[in-house]
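Novice: Here it is, the structure, as C-alpha cells.
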Amino acid sequence: MSDRVSGGTSAWVHCFLGILTREMLRFVMQRGRFLSALVRPLVWLFVFAAGFRTVMGMSIIPPYATYVLYEVYVTPGLSAMILLFGGMQSSLAMVYDREMGSMRVLLTSPFPRWYLLIAKLVAGVIVAVAQVYVFLAIAWFWEVKAPAFGYLTALPALILSGVMLGAIGLLLSSMIKQLENFASVMNFVIFPMFFTSSALYPIWKIEESSPLLAFICRFNPFTHAVELIRFALYNEVAWTSLAVVAGASLVALAWSVAAYNPARSAATFRALARNYTNGH
C-alpha cells in the first residue's frame, strides 16, 4: 500500500505533522479537557494524600532509599493516571473521527493503516506526556520532588507507558461500533485498571488485607507502567516492568492495526446509508 504514496519521505512526515497538529489544536481548543486531566490527580495529591499521610505508613521499598510521605509515593501513580485518561480520551476521539471525522478519510488514504494508527497514537502520547510534566511541575511547588535528573530519565518511561495505554485504548476503540457506548466501556476499563494497581498503595500493603487482590495487581499492566515511571523518576530501571510494558504495547498495537479494517468500516457506512434510505 505504501507504494501508492507519492512525495517520498516528505509526504509521510507531512501526514504525521498534520495528525499531530490536529491533536494539539484539539487539545488547546478544549481547555476543559486539559483542566479535567489535571483536576483528578491534583485532588488525590492535595486532598486524599493529606488525609492518608497520617494513617498510611510507608516502609522503605525500592526505589526509595528512606521513608517517604504518602504524596511522594502516589505521584508516579497519578502521573500514570494522566496517561491512562489521556489514552482513553484520545481513543474516544478516535471513535468519533472514524465515524464522522478525519480518520474516516485517512483510513482509506494511500498511507498504510499501521502508519496512520501509530501517528495518531504518538500524537496522543505527546499531548498526554506534556500534561504529566505540568502536573509534576505543580507537585514540585507542593514540595513533592524527585531528583532533578529524574525528570529527564522519566521521559522514556512516560512515553512507553503512554504508548501502552494508548494502544489499549485504540484496541478498545476498534471494538466499539457506536460512540455512545464508549463512555461506559472506558469506565469499565479505567477504574479497575487504576484501583487494582500499585498506584495508590504498595502491593505489600494490599497483600496484607487481600492476597487475591495483590495477585491481580501484579498481573495488571498498569501496575508495571506505574513502577516503570516510579523507578525512572529515581534514575533506576524496573526491568520486569519494562519488559511487561513493552510487550503489552506491541501486542495491543498489533491487535489494533489488525482490527482497523478500512474495508469493514466502509461496508458499515454503506449499510447505515442503505438502512437510512430504506427508512425514508
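Read-outs: derived from the displayed coordinates by stated rules, not from any lab. Remember, predicted model here, so these are calculated numbers, not experimental data. Cβ sites come from the backbone with ideal geometry, for glycine too, and all protein chains shown count toward neighbours.
Novice: Quick one: which of 225-235, 123-133 comes out on top by average Cβ neighbours within 10 Å, and what's the full order, highest first?
Specialist: 225-235, 123-133
Novice: Taking 25 Å as R0, compute the FRET efficiency from the Cβ-Cβ separation of Glu208 and Trp239 and round it to 0.05.
Specialist: 0.45
Novice: Show me, for region 133-149, the HN-Hα J-couplings you get by feeding each phi into the Karplus relation (A = 6.51, B = -1.76, C = 1.60, θ = phi - 60°), rounded to Hz, glycine and proline as x.
Specialist: 5, 5, 4, 5, 5, 5, 4, 4, 5, 8, 6, 9, 10, 9, x, 4, 6
Novice: Here is a further query. So, by mean Cβ neighbours within 10 angstrom, what's the order for 75-82, 238-245, 13-20 with the highest one leading?
Specialist: Going by the mean number of other Cβ atoms within 10 Å, highest first, we get 75-82, 238-245, 13-20.
Novice: If packing is taken as the average count of other Cβ atoms within 10 Å, what order do 60-68, 249-257, 41-49 fall into, highest mean first?
Specialist: 249-257, 41-49, 60-68
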